[in-house]
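Below is one structure, written out as structure tokens; comments come after it.
The values are calculated or read from the model by the stated rules, or taken from the named source; none is laboratory data. None of the values given here were measured: they were computed from a predicted structure. Every residue, glycine as well, gets a Cβ built from its backbone with ideal geometry; the counts of neighbours run over all protein chains shown. Quick note on the areas: whole protein, heavy atoms, side chains included, nothing else; ligands and nucleic acids left out. Shrake-Rupley method; radii C 1.70, N 1.55, O 1.52, S 1.80 Å.
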Amino acid sequence: MASISDIDKAAGALRAGGLVAFPTETVYGLGANAEDPTAVSRIFQAKGRPPSHPLIVHIAGAEHLCDWVQDVPATARLLAECFWPGPLTLILRRGRRVPLEATGGLETVAVRVPDHPVALAMLSAFGGGVTAPSANRFGQVSPTTANDVRVELGEAVDFVLDGGPCEVGVESTIVDVTGDAPSILRPGGVTREDLEAVLGYRLAVPSTSPVRVPGQHPSHYAPQARVVLVEPEKVLTEAELAQELGHQVGVFLPPSFTDASVKAHAVVALPVSLAAYARGLYGFLRELDQQGCDLIIASLPAEEGLGCAIANRLRRAAGPRPSSVPGLQEH
Ligand code: AMP
Ligand code: MG
């Protein structure tokens with residue numbers, strides 16, 4: 001676990017224009033000084049991420065929000081008061097301190113206060129904003145432990161802060177508050193139901209089609225193994241069939257199945273609680289890769305509460321993979 005001296009080293013690395021991987025309650029982030037365009041562009045190089053994909057500016061508290069955006073509409077203020085620190089990212093109009101490198105050239109900026117003591121200590125010690133995407137290579141599974149980051153990015157990171165495994169396990173919910181009505185761009189750790197309870201009205205259900213949000217590709221969160229989604233009642237038969245066809249099959253076994261005699265190479269027995277499923281999701285995908293699976297058979301959870309974020313990540317993990325990205329070819 002990160003010590004006070006580690007926090008100081010991380011803040012120093014950020015001041016020197018370096019890259020620091022840090023824990024948040026969602027996933028590990030790959031951070032740089034948000035006001036240093038050269039440092040920000042190093043994030044894109046380290047991840048192999050196209051420069052048009054915007055990042056999230058992490059700040060130490062809601063009281064700093066007005067330093068990073070042009071204005072704070074009443075809805076944004078309300079959501080920040082209710083959910084920060086927490087897994088909610090707000091899209092607002094870009095303030096002058098934020099270079100275009102951090103927003104992928106957009107005039108809007110994503111901002112959030114992470115709910116993790118190590119992240120908050122680092123942000124306070126640094127004193128500025130830290131812009132970060134998830135600390136994985138572009139398109140691949142997000143890291144939820146410091147070791148995942150080291151395995152994934154190695155020497156490309158100047159300093160890794162260890163804050164233990166992430167509590168939430170999937171990325172933040174992104175809400176655009178620049179328009180007349182707030183809209184959910186990405187489901188995440190704060191549920192639509194949580195947002196509606198605070199706002200007092202219903203929000204549109206986020207689209208499940210390939211989303212046209214900057215920085216969101218049909219293929220994302222993808223393990224090395226191909227991911228195939230099937231109806232829950234077909235998980236066992238499809239796994240058996242694929243195994244007979246010579247695949248090394250990994251199965252996400254829904255909690256309703258207690259059948260231990262699954263004919264597959266590796267099995268993940270999914271937890272009943274959606275919070276535990278979200279917390280474990282990326283680790284399960286990594287584990288099946290490590291066990292040598294070339295195909296993962298899974299089904300979508302009911303799209304309520306955290307089930308929306310889990311289903312969104314699984315759909316992307318199963319999405320068509322660009323052959324130009326190393327490691328993402330269809331097997
Ligand atoms: P990551 O957490 O790695 O997915 O990276 C940050 C995500 O925030 C990106 O994938 C974008 O989808 C989203 N994002 C950041 N800034 C904006 C913005 N100005 N408008 C819409 N989405 C954004
Ligand atoms: Mg990411």
Q) So how much accessible area does THR103 have, in Å² to the nearest 10, using a 1.4 Å probe? A) 0
Q) Using a 1.4 Å probe on the protein chains only, how many percent of the accessible area of the stretch 89-187 belongs to carbon and sulfur? A) 49
Q.
What number comes out for accessible area per residue over the stretch 1-144 if the probe is 1.4 Å? Units Å², please.
A. 35
(Q) Modelling each spin label as a point 7 Å along the Cα-to-Cβ direction, I'd like the ARG77/LEU203 distance in nm, to one decimal. (A) 2.0
Q: Would you mind calculating the relative contact order of the stretch 163-298 from Cα pairs under 8 angstrom and at least 6 residues apart, reporting the percent as a whole number?
A: 26
Q) Roughly how big is the chain's charge dipole about its Cα centre, with Cβ charges of +1 (Lys, Arg) and -1 (Asp, Glu), in debye to the nearest 20? A) 700
Q. What ³J(HN,Hα) values, in whole Hz, does the Karplus curve 6.51 cos²θ - 1.76 cosθ + 1.60 give for the stretch 309-321 when θ = phi - 60°, with x put for Gly and Pro?
A. 5, 5, 5, 4, 5, 5, 4, 5, 4, 8, x, x, 9
**Q.** Ranked order, VAL205, VAL130 - accessible area, probe 1.4 Å, largest first
**A.** VAL205, VAL130
Q) Counting each DSSP H run of 4 or more residues in the chain as -39500 (n - 2.57), what helix-only mean residue ellipticity at 222 nm follows after dividing by all residues, to the nearest 500 deg cm²/dmol? A) -9000 deg cm²/dmol
**Q.** Gain on full stretching of the segment that runs from THR38 to SER52 - 0.36 nm per residue minus C-alpha separation
**A.** 3.5 nm
Q. How high is the FRET efficiency from THR258 to GLN290, r the C-beta distance, R0 22 Å, rounded to 0.05?
A. 0.30
Q | Per-q log10 I(q)/I(0), the stretch 69-166, q = 0.10 Å⁻¹ (Debye; single scatterer per alpha-carbon; no solvent) | A | -0.33
Q) Under a 5 Å amide H to amide H cut-off, with H placed in plane at 1.01 Å, what residues pair with ILE56 once short-range neighbours are removed? A) ALA132
Q. Across 10 Å bins from 0, what is the distribution of all Cα-Cα pair distances for the chain, in whole percents?
A. 6, 27, 35, 23, 9, 2
Q: Write down the percent of antiparallel bridges among all DSSP beta bridges whose residues are both part of the chain, to the nearest 5.
A: 45
Q. Between LEU185 and residues 5 or more places away or on another chain, which pairs have amide H atoms under 5 Å apart, with H built 1.01 Å from N, and which residues are they?
A. ILE174, VAL175, ASP176
Q.
Relative contact order of the chain, please, whole-number percent, based on alpha carbon pairs below 8 angstrom and at least 6 residues apart.
A. 19
Q. Want the number for ARG96 to VAL228: 0.36 nm per residue separation, take away the alpha-carbon distance, what's left?
A. 43.1 nm
(Q) Compute for the stretch 145-285: radius of gyration divided by Kirkwood radius, i.e. Rg/Rh, restricted to C-alpha atoms, rounded to two decimals. (A) 1.02
(Q) Taking θ = phi - 60°, what integer Hz values does the Karplus form 6.51 cos²θ - 1.76 cosθ + 1.60 yield along the stretch 285-296, in sequence order, with x for Gly and Pro? (A) 4, 4, 4, 5, 4, 5, 7, x, 5, 10, 9, 10
Q. Once both labels are modelled 7 Å past Cα along the beta-carbon direction, what's the CYS66-ALA16 spacing in nm?
A. 3.6
(Q) Can you tell me the mean projection area, over all orientations, of the convex hull of the stretch 1-97's alpha carbons? Units nm², please. (A) 7.0
Q: Quote the charge dipole size of the stretch 110-265 about the Cα centre in Debye, to the nearest 20; the model charges only the Cβ of Lys and Arg (+1) and of Asp and Glu (-1).
A: 320
Q) In vacuo Debye scattering of the stretch 1-48, one point per C-alpha: log10 I(q)/I(0) at q = 0.26, 0.30 Å⁻¹? A) -0.99, -1.13
Q) How do the peptides 144-151, 71-78 rank, highest first, by the average count of neighbouring beta carbon atoms within 10 Å per residue? A) 144-151, 71-78
